[in-house]
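Heads up, the thing below is written out as structure tokens.
The values are calculated or read from the model by the stated rules, or taken from the named source; none is laboratory data. From a predicted model like this one, the values you see are computed outputs, not experimental measurements. Methodologically, a virtual Cβ is constructed for each residue, glycine included, from the backbone with ideal geometry; neighbour enumeration extends over all protein chains shown.
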Amino acid sequence: MALEEFLPIIEKAPRFFLATHVNPDGDGIGSLLALTIALKEKDKEVWPYLADELPSVYEFLPGKDLLYYKIPPDKDWTAIILDCGEASRLGEKAEAFVKDLSEILVLDHHEVSGNLGTKRHVELTYATGALVYKLLKLLNVSLTPAIALNLYVAIFSDTGGFRFQQTTAETFALAQRLIEVGVNPAFVAERLTERYPFSRLCLLKKALSHLRLSGEGQIAFSFLSHEDYKECKASKADSDDFATFFRGIEGVEVSVLLKEFKPGEISVSLRSRGKINVATFAAHFGGGGHRFAAGFKSKTDLKSLGYILLKELEALIS
Ligand SMILES: [Mn+2]
């Protein structure tokens, strides 16, 4: 539905529960914080919820102290779900919590999004941050430096620093607007791309040692076992973007990375150059995402799951 249809609900409701997907990325967190600050400026009560710990790379974001890591004690909230359209991707607690709410607004940009929400605005665009920006304009909230920085981080993250497919003139126009409000592009780029903890490189070394090509060089495959994470004293976020990195190998069409951060629970990241739609591929395994970047979770053991995925991808790509 049109974004305009969210307006009467947002103008009227006094209390908002905001959430994004598990393993939150810059788009999810930036969108969450930008909207939180904006709604607070409209004198709303806001409960921005994160299911996971805030990845340390985002600690510079204004508004991060407003985040809650627990569910509200009562049910008198209007939910706004950002960068996620599927209840199961909210994490168990938020999934159970929103079930009982009478109004759930979903703002998302994923090709395979899900069916969460009483009202959904899903638009195939470069970032949820762009949709939050449109919403703020409709709500007549003026951009503050704090809102602008969060939106810029959202856009920077999901476009891979203005590199990915969906990056358009509109993306740069919005970036320009945000820079005019005070965002420093070099500062953001440095914070997001040049501050790795050593544990990340330790983990990359492990992923590289498991990396192999298949499907005549068109599939890059790697995995990280629970032991790998443990040995590197790595966090879940430390392996972010490895799959994107492996997709960059010349000749590779699709990359797949299996991550066993918690023993027995595998998160699969899929990245494509476009020949294979990884969103529909991931959907077969109960996941979702975009044509170029998608993922799903599985409890199948690492070895068997790797075998199954390689076989299916090889069949698809040949
Ligand atoms: Mn996103």
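General remarks:
- Screening the stretch 95-143 for residues that are among the acidic types (D, E), within 19 Å of the chain's Cα centre (by Cα) and at pLDDT 95 or above and picking the one that is farthest from the ligand (Cβ to nearest atom) gives E95.
- Of the set (1) more than 29 Å from L124 (Cβ to Cβ); (2) of a type in the set (D, E, K, R); (3) at pLDDT below 95, all apply to K40 but (3).
- Set side by side, the residues I80, I29, I71 differ, and just one is touching a Phe, Trp or Tyr at 6+ places or on another chain (Cβ under 8 Å) and under 21 Å from G160 (Cβ atoms), which is I29.
- The residues in the stretch 179-211 that are surrounded by 15 or more Cβ atoms within 10 Å (Cβ to Cβ) and in contact (Cβ under 8 Å) with a residue 60 or more places away in the chain can be counted, and the count is 3.
- Restricted to the stretch 116-227, the set of helices (runs of 4 or more DSSP H) holding at least 3 residues that are more than 22 Å from V268 (Cα to Cα) comprises 128-138, 145-158, 169-180, 185-193.
- Counting the residues of the stretch 232-280 that are of a type in the set (A, V, I, L, M, F, W, C) and either over 18 Å from the mean Cα position of the chain (by Cα) or part of a loop (DSSP other than H, G, I, E, B) (or both) gives 7.
- Odd one out for S88, checked against (1) among the small types (G, A, S); (2) within 16 Å of the ligand (Cβ to nearest atom); (3) surrounded by fewer than 17 Cβ atoms within 10 Å (Cβ to Cβ): (2)
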